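A.B. asks: One structure coming up, written as structure tokens, with questions to follow.
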Amino acid sequence: MNDFMKQVFEMAAAQGAFDRIDTMLDNRCETMLAPYKERLQEVGYEQIRDVVYAIAYLSKKSAFELGFKTAVKFMVECMRDEETT
């Protein structure tokens, strides 16, 4: 993710754009990790939890970037279509 994209992502995050998806990811991660919380020692559980949340965060950033790039490509195509008509 380039610097501009990071700034847009962080600005959107600061404005609460991801609140709903963050809640959904938190709930899903907690549900999936629940069986391991009691089976593993605290340190092992925390390491696994941190990896799961890091993956979820990376996925969210990647999805944002892909969506942003797709929207820009769509806008460019629409502008090209307007120029040819």
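A.B. asks: What number comes out for accessible area per residue over the chain if the probe is 1.4 Å? Units Å², please.
C.D. replies: 82
A.B. asks: Quick one: net charge of VAL76's neighbours, Cβ under 12 Å, K/R +1, D/E -1?
C.D. replies: -1
A.B. asks: As an exercise, take the mean of 1/r over every pair of distinct alpha carbons in the chain, invert it, and state the Kirkwood radius in angstroms.
C.D. replies: 15.4
A.B. asks: Next up: Can you give me the % of accessible surface on the chain that is carbon or sulfur? Probe 1.4 Å, all protein chains present, nothing else counted.
C.D. replies: 58
The values are calculated or read from the model by the stated rules, or taken from the named source; none is laboratory data. The shown structure was predicted, so the numbers you read here are calculated from the model rather than taken from an experiment. When we count neighbours, we look across all protein chains shown, and the Cβ atoms used for this are built from the backbone with ideal geometry, even at glycine. SASA here: full protein model, heavy atoms, side chains in, ligands and nucleic acids out. Shrake-Rupley method; radii C 1.70, N 1.55, O 1.52, S 1.80 Å.
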